[in-house]
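In what follows, a single structure is set out as structure tokens and then discussed.
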Amino acid sequence: MNGTADIMRKYGGMKGIGIGYSYTVAPDLLWNIEYYHLNELDGGKNSNTIWTALTYYFKNYED
């Protein structure tokens, strides 16, 4: 993950690595988890973050 999110902009941005996993819970239902190890570009501080999401896919038409 690279970027200059608003909170990190004053520190020169961030850079890091991440890993993710996706699992199909049921038809059209997806669970996702992501882990990132980030490094502040100017200050050198490290940060870890975990993101999760549950996504449902649907179609608004008939076959």
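The values are calculated or read from the model by the stated rules, or taken from the named source; none is laboratory data. Note that the structure is predicted; figures quoted are calculated from it, not measured. Note: ideal-geometry Cβ built from the backbone for every residue, glycine included; neighbour counts use all protein chains shown.
Worth a mention:
- Residues being surrounded by 12 or more Cβ atoms within 10 Å (Cβ to Cβ) and of a type outside the set (A, V, I, L, M, F, W, C) - total across segment 24-49: 9
- Residue count, segment 1-38 (criterion: assigned to a strand (DSSP E or B), modelled with pLDDT under 75 and either under 24 Å from T55 (Cα atoms) or of a type in the set (S, T, N, Q) (or both)): 1
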